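Participant: The structure under discussion is supplied below as structure tokens; questions concerning it will follow.
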Amino acid sequence: MDITKKILRLLKEGNTQQQISDIFKYQGIKPNSLSTIEKYLKQIREDYKAKSLFHLAYILIEEQYNFEDDEENTEF
């Protein structure tokens, strides 16, 4: 499982960082702390040279990022 893809998909679905942490905890995915989610997002933003989450979303849309590669159910 690719944590980065899962985080990006959950963001696309409208989840907050806290909700992503909660979903990871519910699904038994580790690491799952809010701090860890924040660190992943910081790294993702740095990788894409995005200044904010909004900027990251725009970059991913422009690059036509495929969120459907990971089809797991994120409901809980």
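Participant: Output the residue which, of all residues in segment 53-73 that are open to solvent by 70 Å² or more (accessible area, probe 1.4 Å) and assigned to a helix (DSSP H, G or I), is modelled with the lowest pLDDT.
Facilitator: Result: Asp69.
Participant: Something else about it: Starting from segment 42-62, keep only residues that are at negative phi, then list their pairs with residues that are aromatic (Phe, Trp, Tyr) whose Cβ atoms are within a distance under 6 Å, requiring at least 6 positions of separation or different chains.
Facilitator: Sorted first by the residue in segment 42-62, then by its partner, the pairs are Leu56/Tyr48; Ile59/Tyr48.
Yes or no, residue by residue, for (1) in a helix (DSSP H, G or I); (2) surrounded by 15 or more Cβ atoms within 10 Å (Cβ to Cβ); (3) modelled with pLDDT of 90 or more:
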{"site": "Ser21", "(1), (2), (3)": "yes, yes, yes"}
{"site": "Tyr26", "(1), (2), (3)": "yes, no, yes"}
{"site": "Ile44", "(1), (2), (3)": "yes, yes, yes"}
{"site": "Lys51", "(1), (2), (3)": "no, no, yes"}
{"site": "Glu75", "(1), (2), (3)": "no, no, no"}
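Participant: Could you give me the residue pairs with C-beta distances under 7 Å whose first residue belongs to segment 13-37 and is within 21 Å of Asn66 (Cα to Cα), whose second residue is part of a helix (DSSP H, G or I) and among the charged types (D, E, K, R) wherever it lies, and which are 6+ apart or on separate chains?
Facilitator: Once the first residue is within 21 Å of Asn66 (Cα to Cα) and sits in segment 13-37, its partners that are part of a helix (DSSP H, G or I) and among the charged types (D, E, K, R) give Gln17/Glu38.
Participant: Continuing with the same structure: Any idea how many residues of segment 30-42 are closer than 14 Å to Lys6 by Cα and open to solvent by 50 Å² or more (accessible area, probe 1.4 Å)?
Facilitator: Total meeting the criteria: 4.
The values are calculated or read from the model by the stated rules, or taken from the named source; none is laboratory data. Being a predicted model, the structure only gives us computed values, none of them experimental. A quick note on method: Cβ atoms are made from the backbone with ideal geometry, for glycine too, and the neighbour counts reach across all protein chains shown. These accessible areas exclude ligands, DNA and RNA; they are computed on the full protein's heavy atoms, side chains included. Shrake-Rupley method; radii C 1.70, N 1.55, O 1.52, S 1.80 Å.
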